[in-house]
Amino acid sequence: MRASRTLAAGILSSVTAVATLLTGVATAPPAEARRWTAAWVAATQPAMPGYETPNWSVDGFAEQSVRQVIRVSVGGSSLQVRLTNRYGTGPLRLAGATIGRSTGGAAVAPHTLRHLTFGGRTTLTIPAGREAVSDATVLRTRPLDKLTLTLYFAAPTGPATFHEGAYATTYRAAGDHRFDTGAKAFDETTRSWYFLAGVDITGSRGSVVMFGDSLTDGHGSTPDADNRYPDEVAERLVRAHRRLGVVNAGVNGNHLLNDVPCFSGDSGVTRFERDVLDQPGVHTTVVLMGTNDIGVGGIDIGCANPPVATAAALIGGYRKMIQAARERDVRIVGATIPPMKGAYVYDTPEHEAVRDAVNEWIRTSGAFDAVADLDAALADPADPDALRPAYDSGDHLHPNDAGAAAMARAVAPHLLGGNHQRAS
């Protein structure tokens, strides 16, 4: 039976490659043909003005190279890169791309620089609303390696599908600089990722998807330091010698129940299947969401006026995700909503009552496969409705680096099983 599955997967991969060569458009192979594990992902958003400046998403790129640095959570012998034009208004034409190991900033280790190909070609066209996957690229990586991807766009891209809150520096240069190993040409920077959906690696034992809003995305952590709470979880698993990918599917401002097209994009319930269940090799997800539904409900934010969230509505959203995860045999860990006392617009008696009710349900309902009590992990012992001062990034809502480490300490045991003590 195993040999039959292997043969079928090979046939499906070959069919995909042939179709790509005939059409000139690379598309991801069917899920049953994959043998990959997600090692890094970015949940994508439509182009929009954001508070990360400069913001290149609205204008897109033309005759420019975009160099982006990411850190993989697990190592392997080969990799593939997933690119996206999910929110594009027309075909995305990529003139070429390279990948290599980062040596800091925009510099790349020369002996590691590789072409990315798509069905054997170095160019690629992705239709609007679609994604694409590269051919397998032989590049040995270790857990927590930083990789540099450089995309060159000769023709105008139009508005760019992107991830606004990267908390990592992205570089841009005029002209084609895919093969530059130095950083000199890359004289423009921002802190968002563009057209990147994921990097998958062979040889892992599956992946854990951390799903949520800015608390997961990393707002409040130090830029370029990889101190987001999913990063801290990945480091703990590496220290415990667990070959598991840990990927971050957080989005700044995301709501569990409501789409916000001018900022965070699709709601958590809407994007759960795409951003969690469709990730290669996923077997567990940790869900931390609901803060924005509670805190921003009833406020006109320009393109949307989300209703005031009730505990019942949020619980209904959680139940939809739990059911979807169970149908795909994915373990789902619920995280309690952290304190928000003192946070602008979030802190009202009514909001606190909803947060308390939701957290009580998460802890006691038995609906999730496990519970990570982030509320307890982050609360100030002297005032449990507030963040512990040592964990506060300054806005009384988002944890700093020390807070992210505390979140990881609370979550990691639910991923490590019986050997979680080794991560201490």
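Where a number appears in this text, it was derived from the coordinates with a stated rule and is not lab data. The structure presented is a predicted model; accordingly, all values stated were derived computationally and were not measured. When we count neighbours, we look across all protein chains shown, and the Cβ atoms used for this are built from the backbone with ideal geometry, even at glycine.
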Once the range 23-197 is represented by equal point scatterers at the alpha-carbon sites, with solvent omitted, what log10 I(q)/I(0) does the Debye formula produce at q = 0.09, 0.13, 0.18 Å⁻¹?
-0.27, -0.58, -1.21
10 Å binning of all Cα-Cα separations within the range 205-423, expressed as whole percents from 0 upward:
9, 36, 40, 14, 1
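If you average the sequence gap of Cα pairs under 8 Å that are 6 or more apart and divide by the length of the chain, what percent do you get for the contact order? Intermediate values should be presented prior to the final figure.
Working: 1057 pairs, mean separation 71.2, N = 424.
Answer for the chain is 17 percent.
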Normalised radius of gyration for the range 305-424, please: alpha carbon Rg relative to 2.2 N^0.38 Å, two decimal places.
1.13
Report the chymotrypsin sites (Phe, Trp or Tyr not before Pro) located in the range 262-346 that are in a DSSP loop and have at most 14 other Cβ atoms inside 10 Å of their Cβ, or state none.
TYR344
Stokes-Einstein diffusion coefficient for the chain at 4 °C in a medium of 1.567 mPa s, Rh from the Kirkwood formula over Cα pairs: what value in µm²/s?
59
Across THR157, THR348, THR37, the residue with the highest GNM fluctuation in the chain (Cα network, 10 Å cutoff) is THR348
